[in-house]
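Working notes, beginning with the structure itself.
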Amino acid sequence: MEIALESLTKSYDTVAAVRGVTLTVHTGELLTLLGPSGCGKTTILRLIAGLERPDAGHVRFDGKIVDDLPPEERGVGLVFQNYALFPHLTVAQNIAYGLRIRRRRRPWWQRPLAKREPGGSRLPMTEGEPGASQLPVTGREPGVNRLPVAEQVRQLLELVGLPGYERRWPSELSAGQQQRVAIARALAPRPRALLLDEPLSALDARLRDRLRLEIRHLQQQLRLTMVYVTHDQTEALSMSDRVAVLRDGRVEQVGTPAQIYEQPKNRFVATFVGDANLIPVEATGLGSRLADVRQDQAHEGAVYVVRPERLRLVAVESSAAGGSTAAATGEGETSGISNPGVGAADAGVRVTPDRPLLRGQVLASEFLGSSTRLHVRWQDRELVVQLTASAPVAEGTYVWLTFDPWSSVRLPAG
Amino acid sequence: MVRRLPVWARQGRFRLGGLVWALPTLFLLTFLVYPLILLVLQVAVGPAPLSAPAGPPGAMPLPATSGVFGQLAAAGQEVTTAIGHLARGVAVIGQDPYFRSLIRFTAWQALLSTLLSVLIGLPIAALLSNYTFRGRALLRSLTLVPFVLPPISVALGFILMYGNNGWLNRFLAAAFGVRLSLLYSLPAILLAHAFYNAPVLVRTVSAAWQAIDPSLEEAARSLGASPRRVFWTVTLPALVPGIATGAALAFVFSFLSFPLVLALGGARFATVEVEIYTQIRILLNYRTGAALALVETILSLAFSYGYLWLEGRFARPQVGVRPHPLHRLEWPRRPGAWVSRMVAAVTLAAIAVFYVGPILALVVQSARPAAGGGGPAVAASGVVSGWTLQAYRYVFTPEYDAIVGDSPLASIRNSLVLATATMLVSLLVATPLAYAFAGRLRVGRGVAGAVPAEGEAGHLRPCWGRQLAARLSRWGTAVIETAAMAPLAISSVALGFALLQAFNRPPLAGLRGAPALAIVAAHSVLAYPFVIRTLRPALEAIGPELPESARLLGANRWQAFRTVELPLAATGLLSGALLSFAMSLSETSATILLAGPGLSTMPITLYHLLSARNFGGASAMAVVLLAVTGLCFVGVEAVGQRWVYGRNGRRARGSAE
């Protein structure tokens, strides 16, 4: 199902939570809403689910405005941050809730006299829609699932990797298991889209990584339309088809994870998604030389966005090249460029005249196992450098750094 | 811009939800607002301002002027004179030295009773919240006393215990040869109030004590404070909310206490409540009674508002507090500790005698009428000495009894029927209100609670109109909540009188079984705030995301309420139901005004028997009453325990399936 948000606005009392968000979630896509807490991402999710009414703007499902549909008629599933499993029901009863309540929708005086098929439940989805045929429990008739409820529950538990947990109580499950049950419960009535509100934030790091993969796998297996809310940029980048970065109730940028990371549209996106060194163009000394090439951009206050892994140490060996670069950059030091104390594993890159050269002092060095992070003071700011080498660099040493301005995003002033 | 239609119109269907609201509204308008208005009119409208004892009750004179304008003018004049009368009526109460001393005495005895309750309650609370010892469960169940024991039977117990020929005096006479004249004096009233209200203090204070995170005290100790210093600087400040709310409640209860004062105060000591009763029932002085009731209602509303304010001010969410550690209580073994040992023993014994004595006296008296301090009446009636079930046989006779005005058995049956009706009505009234006050109405449409966390997302430009609207809606909610909780501390005699007026007039007077209806109405008005108080926390404990999940899984609002919120709040609902049942069983003040001839309840029968000095029958009736209400409260406590266990022990229904 395609979900379209049209200049959606919502405020509480005196606080604006969502301000004019326009966004489309394509069918079968996993879109992540990423932003700091308080940016309105949960509110957007609640607006889609129908738990809130927009002050202005519309929510469309497949082109149809659904603003007036109550949540129970929208046919979307929502997994809450704290899972919200019903504590007075077993796992099986929790999952069956959506199947049974649907069946009970008609009042008794409207029900047919003949005994109904066990487990016959109306489905909110239409035949042929992605997701419909992919769920493991599918009946023949469009919109009717003929399998008994117990069987559907069994299959759903299998799907989320908890076979045989039917009779447990939610309180007897670990957080990760509760999470899976919550997903199974949300999937049971065959939602047209699944919304997840920070589903992994309450789990420990290792479990989070594994469930992240599983959710992504499930989404692709069932070709579910999924909206995923998180404030964790690793989660957003690793599992999404597209990411929407939000701030103060507005969409800052929408794009694939690679686009968001490599081509941030503004400083907020650049610094919120991953680490970014914002290096003023003027300070690199390249401004005047590049001016003729990139005339469209003013240099005043413009910055390069350089990711830690793109900021490289300068190669040690060539004294000639070093000398010429030092001269080219106009720095007085002619003692040559060398990075003493830096291991040979990360040999660094050669400096060419079109590359800037930055000299800074190592403030701290963090060993992270697969890489080493240096915090370098350069001028009056702190740069973060990620080295693939595992060799430590002593604090206080001076290092020469460089990056490729041609592949780096340049953001204008402001 | 498209005009916004109401939700139900946009969704193209009528919501039945409105009907749920109609019931409490209608009920409160008919049985609370309308009678209170009548009470005001009683004072305001009349031939002459209240000064001398007024004429016969009822019968408001209607303006007989013809023509719309004439009528309007007459009505306007009527209103001005009425306001004048009202003001004068209240002023008469305020100026009359007798009434002023009455109010002063009522407040004074309430204050003294509160102090005494605090003095007795605090040590018990300290004992209960810090130590384990044999008999702790028994002591804990003491805290149920004010709810279990109908005041009239406590009064009886006190008479039997402390009366001129009571157990205490006979013991003193045998041991020291002295007799004390305790009854019908201020100390008797104070003791009885303390008997009632010390447990209230124990409840609130030990709740506050157990909510103290022990790591606070541990932190203070690790910073070098002595245990005594920790108590004064850390523990006591944390207890202040519990003490304050408990004391406020004790004050309100003592101020409004009626049956105890009626039975123990004798002729000399009357409180406002007793005076209202006397004015209405004995002197038939309705207007004075109404004016007095009005003044008292205003006072008690002020008190209850103060209490609710205190409670709201101190309300703190208790999240993840470590349970307060309990130590084994040991006798001090240090040499020379015999003083503190004696003090502890004497204190415990005194508490035990104080609480167990009257109850024991009741039970013994009921089974051995000649043994107790019944006085000459019993002795003269020539009842056989020794153990006998005669009194119980009397209580269970279906025959008409002239003293009671009904058969004693019928009064038992009446009580049970009225209590059941009260329970149903107060549940129907309280449930929608509790649901609304718990902020559940906005679940699924607006947000319940989830907003503020997400809320920092940029404030709207400061717009005083919007802020004013937000503030007004908050105030409005607060006002409605306070108003709905008002009967918590309304004077039950005043309420009974107001309902009596209402049921003496055409719209309600014609109803079949009006007295019973009036009693149910009075009991329900008095009980439903307590139902709200038990139900509301249970509903508030359910996270808004649970019903929201249900909605998203396809349940409509009613289904979500029925399948998720109601089962999860079931224990709160059940204990509220039992509470209202027991309150109805033991309610005396309003009932005694409303119960006409031929309709009696257990406490009324008890009162009549007591007046006739039939202590044996009265005791037997008191024991029966005690047994029924006691059963209710054992039920409430068990349910409460299971609820707590179910939430913390995480096995809501594990054992049941």
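The values are calculated or read from the model by the stated rules, or taken from the named source; none is laboratory data. From a predicted model like this one, the values you see are computed outputs, not experimental measurements. Note that we place each Cβ from the backbone using ideal geometry, even for glycine, and neighbour counts take in every protein chain shown.
Counting the residues of the range A:392-413 that are closer than 18 Å to residue A:270 by Cβ and touching a Gly at 6+ places or on another chain (Cβ under 6 Å) gives 1. With the requirement that a residue be under 25 Å from residue A:301 (Cα atoms), crowded, with 19+ Cβ neighbours inside 10 Å and among the polar types (S, T, N, Q), what does the range A:362-407 give you? Across the range A:362-407, the qualifying residue is only A:402.
The conditions of being surrounded by fewer than 22 Cβ atoms within 10 Å (Cβ to Cβ) and at pLDDT 90 or above are not met by residue A:221. Contact annotation: residue pairs with Cβ atoms under 6 Å, 6 or more positions apart or on different chains, pairing a residue in the range B:552-566 that is more than 7 Å from chain A (Cβ to nearest Cβ) with a partner that is surrounded by 18 or more Cβ atoms within 10 Å (Cβ to Cβ) and part of a helix (DSSP H, G or I), are B:560/B:547; B:560/B:550; B:560/B:551; B:565/B:547. Restricting B:363, B:261 to residues that are modelled with pLDDT of 80 or more, surrounded by 14 or more Cβ atoms within 10 Å (Cβ to Cβ), of a type outside the set (Asp, Glu) and farther than 30 Å from residue B:135 by Cβ narrows the list to B:261.
Only residues that are among the small types (Gly, Ala, Ser) and in a loop (DSSP other than H, G, I, E, B) were counted in the range A:186-219, giving 3.
Checking the condition crowded, with 24+ Cβ neighbours inside 10 Å, away from chain A (no Cβ under 14 Å), of a type outside the set (D, E, K, R) and in contact (Cβ under 8 Å) with a residue 60 or more places away in the chain, which residue from B:535, B:599 passes? Spell out how you get there, then give the answer.
On the way: B:599 fails: crowded, with 24+ Cβ neighbours inside 10 Å.
Answer to the check: B:535.
Inspect the range B:480-502 for any residue being out of contact with any helix residue (DSSP H, G or I) (no Cβ under 7 Å at 6 or more places or on another chain) and outside any helix (DSSP H, G or I) and give the result as yes or no. Scanning the range B:480-502, I find no residue that is out of contact with any helix residue (DSSP H, G or I) (no Cβ under 7 Å at 6 or more places or on another chain) and outside any helix (DSSP H, G or I), so the answer is no.
Taken together, the residues in the range B:170-225 that are more than 34 Å from the chain's Cα centre (by Cα) and part of a loop (DSSP other than H, G, I, E, B) amount to 7. From the list B:585, B:552, the lone residue that is in contact with a strand residue (DSSP E or B) (Cβ under 7 Å, 6 or more places away or on another chain), modelled with pLDDT of 85 or more and in the same structural domain as residue B:595 (by TED's automatic domain parsing) is B:552.
Only residues that are within 8 Å of chain B (Cβ to nearest Cβ) and closer than 20 Å to residue A:189 by Cβ: list them for the range A:51-68, please. Full working, then the answer.
Applying the first criterion (within 8 Å of chain B (Cβ to nearest Cβ)) to the range A:51-68 yields A:51-53, A:68.
Listed by number, the list holds a single entry, A:51.
Among helices (runs of 4 or more DSSP H) entirely within the range B:226-291, having at least 2 residues that are in contact (Cβ under 8 Å) with a residue 24 or more places away in the chain and of a type in the set (D, E, K, R) singles out B:272-277. The residue of the range A:9-20 that is farthest from the other protein chains (Cβ to nearest Cβ), among those that are touching a helix residue (DSSP H, G or I) at 6+ places or on another chain (Cβ under 6 Å) and in a strand (DSSP E or B), is A:10.
Residues that are under 21 Å from residue B:549 (Cβ atoms) and more than 8 Å from chain B (Cβ to nearest Cβ) were ranked within the range A:26-49; the one that is surrounded by the fewest Cβ atoms within 10 Å (Cβ to Cβ) is A:45.
The set of residues from the range A:52-102 being in a helix (DSSP H, G or I), in contact (Cβ under 8 Å) with a residue 40 or more places away in the chain and closer than 13 Å to residue A:181 by Cβ comprises A:91, A:92, A:94, A:95, A:96, A:97, A:98. Across the range A:347-406, the number of residues qualifying as at pLDDT 80 or above and of a type in the set (Gly, Ala, Ser) comes to 7.
Taking the range A:150-179 only, how many residues are part of a loop (DSSP other than H, G, I, E, B) and either more than 31 Å from the chain's Cα centre (by Cα) or touching a residue at least 40 places away in the same chain (Cβ under 8 Å) (or both)? Write out each step before concluding.
Step one: filter the range A:150-179 for residues part of a loop (DSSP other than H, G, I, E, B), giving A:160-169, A:173-174.
Filter once more, keeping what is either more than 31 Å from the chain's Cα centre (by Cα) or touching a residue at least 40 places away in the same chain (Cβ under 8 Å) (or both): A:160-162, A:164-169, A:173.
Final tally of qualifying residues: 10.
Mind checking whether some residue in the range A:247-265 is under 23 Å from residue A:178 (Cα atoms) and assigned to a helix (DSSP H, G or I)? Within the range A:247-265, none of the residues are under 23 Å from residue A:178 (Cα atoms) and assigned to a helix (DSSP H, G or I).
Residues in the range B:491-503: is at least one at pLDDT below 65 and on the phi < 0 side of the Ramachandran plot? Steps first, answer last, please.
Let us first name the residues in the range B:491-503 that are at pLDDT below 65, namely none.
For the range B:491-503, residues at pLDDT below 65 and on the phi < 0 side of the Ramachandran plot: absent.
Every test in (1) assigned to a loop (DSSP other than H, G, I, E, B); (2) at pLDDT below 80 is passed by residue A:322 save one, and that test is (1).
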